[in-house]
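The values are calculated or read from the model by the stated rules, or taken from the named source; none is laboratory data. Just so you know, these numbers come straight off a predicted model, no measurement behind them. Cβ placement follows ideal geometry from the backbone for every residue including glycine, while neighbour counts extend to all protein chains displayed. To get the accessible areas, we keep the full protein, side chains included, count just its heavy atoms, and leave off ligands, DNA and RNA. Shrake-Rupley method; radii C 1.70, N 1.55, O 1.52, S 1.80 Å.
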Amino acid sequence: MQLVKTGLCAFGMSGKIFHAPFLKEHPGFFLSAIVERNKEESKEKYSDATIYRSVEEMLQSADIELVVVNTPVQTHFEYTKLALEAGKNVIVEKPFTVNVSEAQELVKLAEEKGLFLSVYQNRRFDRDYLQVQKIINEGRIGNSKEVEIRFDRFRTEASGKAHKENPEAMGSGSLHDLGSHLIDQATQYFGLPEKLFADVFSMKGKEFSNDYFEIILFYQNDLRVRLKSSVFTKEAHYAYAIHGDKGSFLQERTDNQENELAAGAIPEYGKDWALPLKEPDGILNFLNENKETERILTSSEPGNYMNYYQQIYEFIVFGYALPSPAGEIVRNMKIIDAAVESSREGRVVYL
């Protein structure tokens with residue numbers, strides 16, 4: 001197989017869980033460079049990779065064609081720009097950037113350089129997201145009319161991560177972090193809304209970045225989509241509630257790939273490696289062709305983050321579709337910027 005030499009810009013949680021294991025197990029990639037500013041933790045599992053002490057050093061010295069920018073969001077613009085200017089293709093972690101103007105500038109630069117730029121929207125490969133997509137596409141609940149997508153946690157104490165919780169740090173807070181997933185899922189399902197209204201603030205207090213948001217997306221076909229996240233949710237809601245003119249579908253958030261990877265799972269190439277469900281995780285209630293009510297317990301199929309890197313590889317080698325191209329993710333950044341504006345001014349913002 002053609003080998004794609006790849007460099008990783010950081011070896012924190014994201015590098016250890018979401019990127020390095022897949023780059024190692026996929027036969028089409030060679031993880032040849034890793035940035036660790038002070039430590040050498042990567043040597044234990046990735047001994048073939050050269051350790052560099054800065055992103056700048058890696059870009060100048062490493063023989064790589066693909067760079068994964070998985071540093072804090074406040075540095076995404078700087079490091080992605082440096083990598084593109086160095087002639088490297090780039091995968092950048094979500095959220096893409098801190099605002100839409102930075103995102104647009106990077107998309108333009110990649111186009112000028114003839115390089116690809118993809119945003120790592122891994123939740124498109126979650127089992128629960130894929131199940132909802134399947135149910136919508138099957139048409140059994142008809143045309144979607146009211147939708148709620150949630151990503152809740154119970155984290156009432158400070159994490160100590162300034163780049164995520166300091167309100168003075170641009171791009172910090174739940175709206176950029178978890179919101180980038182929910183907004184991406186909504187736009188994948190239903191496209192760009194006409195307008196939105198948002199409530200974004202910190203339940204833990206003004207000394208912290210936002211940890212709560214509610215965004216109502218208004219679509220021209222009278223569809224309403226509500227995106228919501230809170231860190232004060234001890235008892236889980238259904239993560240997805242899709243109500244259509246023929247029925248409803250409720251789906252739990254059951255994808256456990258992140259936890260399994262953190263516990264040491266090996267994402268084997270070419271197979272479903274995540275643990276199977278022990279019980280159903282969804283409820284489908286709809287009117288069948290005879291106008292009779294059917295209520296079915298459903299079970300989602302396994303998700304697989306390896307499929308993201310497989311699609312990257314197929315784009316490089318065969319010219320297939322690029323997963324989550326940066327130009328597409330610009331619309332998500334527009335929604336994030338509009339949500340900030342809407343919450344600050346207390347008004348509906350048109351997109």
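Label point 7 Å out from E25 along Cα-to-Cβ: which residues of the stretch 236-272 have amide N under 19 Å?
In the stretch 236-272, the label zone of E25 (backbone N under 19 Å from the point 7 Å along Cα→Cβ) covers 254-272.
Between K5 and R155, what is the spin-label point distance in nm, taking each point 7 Å from the Cα along the Cα→C-beta axis?
Rounded to a tenth, the inter-label distance reads 3.6 nm.
Report, in listed order, any pair from K39/K161; K246/K271; K145/K206; K24/K108; K16/K161; K206/K228 with a Cα-Cα distance greater than 25 Å. Intermediate results must be reported in sequence, preceding the final value.
Details: K39/K161 19 Å; K246/K271 35 Å; K145/K206 36 Å; K24/K108 31 Å; K16/K161 17 Å; K206/K228 20 Å.
With Cα atoms farther than 25 Å apart: K246/K271; K145/K206; K24/K108.
Could you work out the Kirkwood radius for the stretch 68-214, taking every pair of different alpha carbons, averaging 1/r and inverting it, reported in Å? List each step's numbers first, then the result.
Values: mean 1/r = 0.0584 Å⁻¹.
Result for the stretch 68-214, one decimal place: 17.1 Å.
Of the accessible area of the chain, with the probe set at 1.4 angstrom, what percent is carbon plus sulfur?
Working: 7530 of 16200 Å².
Of all accessible area on the chain, carbon and sulfur atoms account for 47 percent.
Between the DSSP loop rule and a limit of at most 11 other Cβ atoms within 10 Å, which GluC sites (Glu not before Pro) in the stretch 123-215 are left? Before the final figure, lay out the partial values.
On the way: sites: E138, E146, E148, E157, E165, E168, E194, E207, E214; in loops: E157, E168, E194, E207.
Passing both the DSSP loop test and the Cβ count: E157, E168, E207.
Only helical DSSP H runs with n ≥ 4 go in: add -39500 (n - 2.57) per run for the chain, normalise by residue count and round the 222 nm mean residue ellipticity to 500 deg cm²/dmol.
-9000 deg cm²/dmol
Can you give the FRET efficiency to the nearest 0.05 for T293 and N221, using r as the Cβ-Cβ distance and R₀ = 25 Å? Could you put the intermediate results ahead of the total?
Numbers: r = 25 Å, r/R0 = 1.01.
Step by step, r from the Cβ atoms, then E = 0.50.
Along Cα→Cβ, 7 Å out, is where each label goes; now give me the distance between the ones at F190 and E258 in nm to one decimal.
It works out to 2.3 nm between the two label points.
Could you give P(r) for the stretch 157-259, binned at 10 Å from zero, as whole percent values over all Cα-Cα pairs?
Result, from short to long distances: 13, 41, 33, 12, 1 percent.
Sorted by mean Cβ packing within 10 Å, highest first, what order do the peptides 223-235, 292-304 take?
223-235, 292-304
What accessible area per residue comes out for the chain, rounded to a whole number of Å², with a 1.4 Å probe? Don't skip to the answer; put the middle values down first.
Details: 16200 Å² over 351 residues.
Ligands and nucleic acids excluded, the figure is 46 Å² per residue.
Hey, could you get me the Stokes-Einstein D for the stretch 21-119, Kirkwood radius over alpha-carbon pairs, 20 °C and 1.002 mPa s, rounded to whole µm² s⁻¹?
Numbers: Rh = 14.0 Å.
Answer from the Stokes-Einstein relation: 153 µm²/s.
Distance in nm between label sites at Y350 and E207, each 7 Å beyond Cα in the beta-carbon direction?
Going from the Y350 label point to the E207 one covers 4.3 nm.
Quick one: which of 272-283, 251-262 comes out on top by average Cβ neighbours within 10 Å, and what's the full order, highest first?
On the way: 272-283: 14.2, 251-262: 18.4.
The densest-packed peptide leads the list: 251-262, 272-283.
How much FRET efficiency would the formula 1/(1 + (r/R0)^6) give for D63 and Q133, where r is the Cβ-Cβ distance and R0 is 22 Å, rounded to 0.05?
Working: r = 39 Å, r/R0 = 1.76.
So, using R0 = 22 Å, E works out to roughly 0.05.
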